[in-house]
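The values are calculated or read from the model by the stated rules, or taken from the named source; none is laboratory data. As the structure is a computational prediction, the values presented were derived from the model and not from experiment. Note that we place each Cβ from the backbone using ideal geometry, even for glycine, and neighbour counts take in every protein chain shown. Just so you know, the surface numbers come from the protein's heavy atoms only, side chains and all, with ligands and any DNA or RNA stripped out. Shrake-Rupley method; radii C 1.70, N 1.55, O 1.52, S 1.80 Å.
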Amino acid sequence: MPTRKLLLLPGDGIGPEVMTEVKRLIRWMNDNGLGNFETEEALVGGCCYDAYGVSITEDTMAKAKAADALIFGAVGGPQWDGVPYDLRPEAGLLRLRKELGLFANIRPAVCYPALADASSLKREVVEGLDIVILRELTGGVYFGEPKTITDLGNGQKRAIDTQVYDTYEIERIARVGFELARKRRNKVTSSEKRNVMKTGVLWHEVVSDVHKREYPDVQLEHQLADACGMQLVRWPKQFDVIVCDNLFGDMLSDVAAMLTGSLGMLPSASLGEIDAKTGTRRALYEPVHGSAPDIAGKGIANPIAMLASFGMALRYSFGMVKEADLVDQAIAAALAEGLRTPDIKSAGATVVGTTRMTEAIIAELGRLAAA
Ligand SMILES: NC(=O)c1ccc[n+]([C@@H]2O[C@H](COP(=O)([O-])OP(=O)(O)OC[C@H]3O[C@@H](n4cnc5c(N)ncnc54)[C@H](O)[C@@H]3O)[C@@H](O)[C@H]2O)c1
């Protein structure tokens, strides 16, 4: 079994609390012959700013570039609100995404049967939901230049953001979408606003070309982004993989997130290009939630988003599909037992803390792996 080098970046608030649970899972996998992981840990975010005056150090950047995968907790908190913009806790994460070229953000939205009543939508609409929002993460209107606010001198100001995409950026995210779909239900929905945006016209054209040329076996449909948002809350089970740009992906993935009930349940992966020589790719795995300062230190954070993010590392960085499936099944089984952290509690459930929840998931994993 090859040795996998993981860089753990716990961060701030509940980040270190949920990372402790991932370490518990990693230890268990190493001890039980399900993996061979070497871990190293470093500071990022507010805690790094307090120690070194920056949100990520050069040394940590070098370690991040050398690791097989990065496992990231969460950063930020009110105590760093006054920190200069370039040094704020989130700057460390943005630097990692940018310098590692993590252009593909995968956010699954899975509704575990035991949690179908926690969604704001009806049970029949979300029960058994299993879709993926694939968001382009390093281009588009968040990064395009010019990006300015100009004083027009007549009591008015003008703000400009620029939406810009090149062919290669659309091609590479489309390929990730088609590859994902081939391993799932073989359907991609591409979402843009070609009726009013030139980037939408190019997006539609390039995704269609990649499909025709390289993935004709995958079902492709196009939906305007506003219609896609509407369909997501009307009947989300019609989708398999939704691929979209940075801006629409940001919004649609948050909509999809809430279909599943709680922020504490949602994992994510951010992937870079495949290296032609090694066949590997840089990747960062993190829960969708933030540092949750309101519950930090109380031992009640839901560890599932973080554990499921590690499950995504098994699947997408290491090809350990069987083990990744086992982690997902163990989470479903612990929930089916009736265990809940406070954020997902429901009538009749047993409310447990962060560690107890993880222990139950690992116990289920043991049972499933032995079966
Ligand atoms: N990627 C990141 O590191 C990231 C992402 C989002 C926000 N943040 C930062 O986190 C800080 C807090 O932001 P916020 O309050 O808007 O978002 P948040 O995700 O931290 O919390 C929102 C709400 O969800 C709850 N919650 C979140 N994760 C949970 C979990 N695992 N278990 C149980 N409950 C959970 C919190 O208690 C809170 O009530 C801010 O400094 C923000 O900038 C960081």
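Determine if the range 235-245 includes at least one residue that is within 30 Å of A64 (Cβ to Cβ), within 16 Å of the ligand (Cβ to nearest atom), within 24 Å of the chain's Cα centre (by Cα) and assigned to a strand (DSSP E or B). Scanning the range 235-245, I find no residue that is within 30 Å of A64 (Cβ to Cβ), within 16 Å of the ligand (Cβ to nearest atom), within 24 Å of the chain's Cα centre (by Cα) and assigned to a strand (DSSP E or B), so the answer is no.
Can you tell me which residue is most open to solvent (accessible area, probe 1.4 Å) among those in the range 209-227 that are in a helix (DSSP H, G or I) and closer than 19 Å to G140 by Cα? Ranking the qualifying residues of the range 209-227, first place goes to D226. When we screen P78, P84 for residues that are more than 18 Å from the chain's Cα centre (by Cα), more than 11 Å from the ligand (Cβ to nearest atom) and under 26 Å from P293 (Cα atoms), the only hit is P84. From the list V75, V54, the lone residue that is farther than 30 Å from E323 by Cα and touching a residue at least 24 places away in the same chain (Cβ under 8 Å) is V54. Restricting attention to the range 352-364, the residues that are more than 22 Å from the chain's Cα centre (by Cα) and within 18 Å of P113 (Cα to Cα) add up to 2. As for the range 285-305, it holds at least one residue that is in a helix (DSSP H, G or I) and either of a type outside the set (V, I, T) or surrounded by fewer than 20 Cβ atoms within 10 Å (Cβ to Cβ) (or both). For E17, the criteria (1) within 19 Å of S268 (Cα to Cα); (2) out of contact with any strand residue (DSSP E or B) (no Cβ under 7 Å at 6 or more places or on another chain); (3) open to solvent by 10 Å² or more (accessible area, probe 1.4 Å); (4) not in a helix (DSSP H, G or I) hold in every case but one, which is (4).
Quick grid of which residues meet (1) surrounded by fewer than 21 Cβ atoms within 10 Å (Cβ to Cβ); (2) assigned to a strand (DSSP E or B):
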| position | (1), (2) |
| --- | --- |
| V132 | no, yes |
| R158 | yes, yes |
| Y165 | no, no |
| R175 | yes, no |
| N195 | yes, no |
| E205 | yes, no |
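All of R367, R282 fail the test of being of a type in the set (K, R), under 30 Å from F103 (Cβ atoms) and either touching a strand residue (DSSP E or B) at 6+ places or on another chain (Cβ under 7 Å) or part of a helix (DSSP H, G or I) (or both), apart from R282. Look at (1) open to solvent by less than 70 Å² (accessible area, probe 1.4 Å); (2) touching a residue at least 12 places away in the same chain (Cβ under 8 Å); (3) not basic (K, R) and you find that T150 fails only one, number (2). Consider I331 carefully, then state whether it is over 13 Å from the mean Cα position of the chain (by Cα), touching a residue at least 12 places away in the same chain (Cβ under 8 Å) and in a loop (DSSP other than H, G, I, E, B). Considered against the rule, which asks whether it is over 13 Å from the mean Cα position of the chain (by Cα), touching a residue at least 12 places away in the same chain (Cβ under 8 Å) and in a loop (DSSP other than H, G, I, E, B), I331 comes out as no.
Residue count for the range 340-351 satisfying the condition of being under 24 Å from the mean Cα position of the chain (by Cα) and not in a helix (DSSP H, G or I): 3. Checking each residue in the range 78-107 for being outside any helix (DSSP H, G or I) and open to solvent by 20 Å² or more (accessible area, probe 1.4 Å) picks out D81, G82, V83, P84, R88, G101, R107.
Of the listed requirements (1) at pLDDT 95 or above; (2) within 16 Å of the ligand (Cβ to nearest atom), D59 misses just one: (2). Test A324 against the stated conditions and say whether it is open to solvent by less than 10 Å² (accessible area, probe 1.4 Å), without any contact (Cβ under 8 Å) to a residue 60 or more places away in the chain and either outside any helix (DSSP H, G or I) or out of contact with any Asp or Glu (no Cβ under 9 Å at 6 or more places or on another chain) (or both). For A324, the condition - open to solvent by less than 10 Å² (accessible area, probe 1.4 Å), without any contact (Cβ under 8 Å) to a residue 60 or more places away in the chain and either outside any helix (DSSP H, G or I) or out of contact with any Asp or Glu (no Cβ under 9 Å at 6 or more places or on another chain) (or both) - is met. Filtering the range 21-45 to residues that are in contact (Cβ under 8 Å) with a residue 24 or more places away in the chain, assigned to a helix (DSSP H, G or I) and touching a Ser or Thr at 6+ places or on another chain (Cβ under 9 Å) leaves E21, V22, R24, L25, I26. Considering the range 179-192 alone, what residues qualify as being open to solvent by less than 40 Å² (accessible area, probe 1.4 Å) and farther than 12 Å from V132 by Cβ? S190, S191, E192 - these are the residues of the range 179-192 that are open to solvent by less than 40 Å² (accessible area, probe 1.4 Å) and farther than 12 Å from V132 by Cβ.
To keep it simple, each residue is scored yes or no on (1) in contact (Cβ under 8 Å) with a residue 12 or more places away in the chain; (2) more than 16 Å from the ligand (Cβ to nearest atom); (3) within 30 Å of R194 (Cα to Cα).
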site: Y215; (1), (2), (3): yes, yes, yes
site: Q219; (1), (2), (3): yes, yes, yes
site: G229; (1), (2), (3): yes, yes, yes
site: G249; (1), (2), (3): yes, no, yes
site: G264; (1), (2), (3): yes, no, no
site: G272; (1), (2), (3): yes, yes, yes
site: D275; (1), (2), (3): no, yes, no
site: G290; (1), (2), (3): yes, no, no
site: I295; (1), (2), (3): yes, no, no
